[in-house]
Amino acid sequence: MAPVPTYLVTLVYVVLVAAVIFGAILAVFAKSILRAAAALGVGSAALAFVFFFLGAPYASVFELSVGAGLISVLFIIAISLIESLGEQRREP
């Protein structure tokens, strides 16, 4: 099997790091808190792939399951519950 060219590996790293940075910037400047939580999950998933390509599969799996999965889902559920409680209090 032929080795992977260096420029291709560098391109993958640059794209993944750009996705991490873009997700972080989008999470900070998003108008909707729900979109910010989703952007945080996307950035965390991209960071998990960076860990995997750097040769840390356990860190990658941990980041993907906890960072992108658990934390993002908990944020989205909490935001949804808070918004529904706010709508219930405004009704009467």
Degrees between helix 33-53 axis and first principal axis of the chain (Cα, 0 to 90, nearest 10): 20
Exposure proxy order (Cβ contacts within 10 Å, fewest to most) of Arg35, Arg89: Arg89, Arg35
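Quote to one decimal, in nm, the extra length available between Phe53 and Leu34 on full extension: 0.36 nm per residue of separation minus the C-alpha distance between them.
3.9 nm
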Relative contact order %, the chain, counting alpha carbon pairs below 8 Å whose residues are six or more apart: 23
Cα long-axis angle, helix 72-90 against the chain (0 to 90 degrees, to the nearest 10): 20
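Show me 15-24, 50-59 ranked by packing, highest mean number of other Cβ atoms within 10 Å first. Display every interim value, and only then the final one.
Working: 15-24: 15.7, 50-59: 13.4.
Going by the mean number of other Cβ atoms within 10 Å, highest first, we get 15-24, 50-59.
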Sum of -39500 (n - 2.57) over DSSP H runs of 4+, divided by residues of the chain (222 nm, nearest 500): -25500 deg cm²/dmol
Cα long-axis angle, helix 6-29 against the chain (0 to 90 degrees, to the nearest 10): 10
Extension gain from Ser80 to Val12, taking 0.36 nm per residue of separation minus the Cα-Cα distance: 21.0 nm
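Bear in mind that the values in this text are calculations on the coordinates, not laboratory data. Model, not experiment: these values are computed from the prediction. No Cβ is skipped: glycine too gets one built from the backbone with ideal geometry, and neighbour counts run over all protein chains shown.
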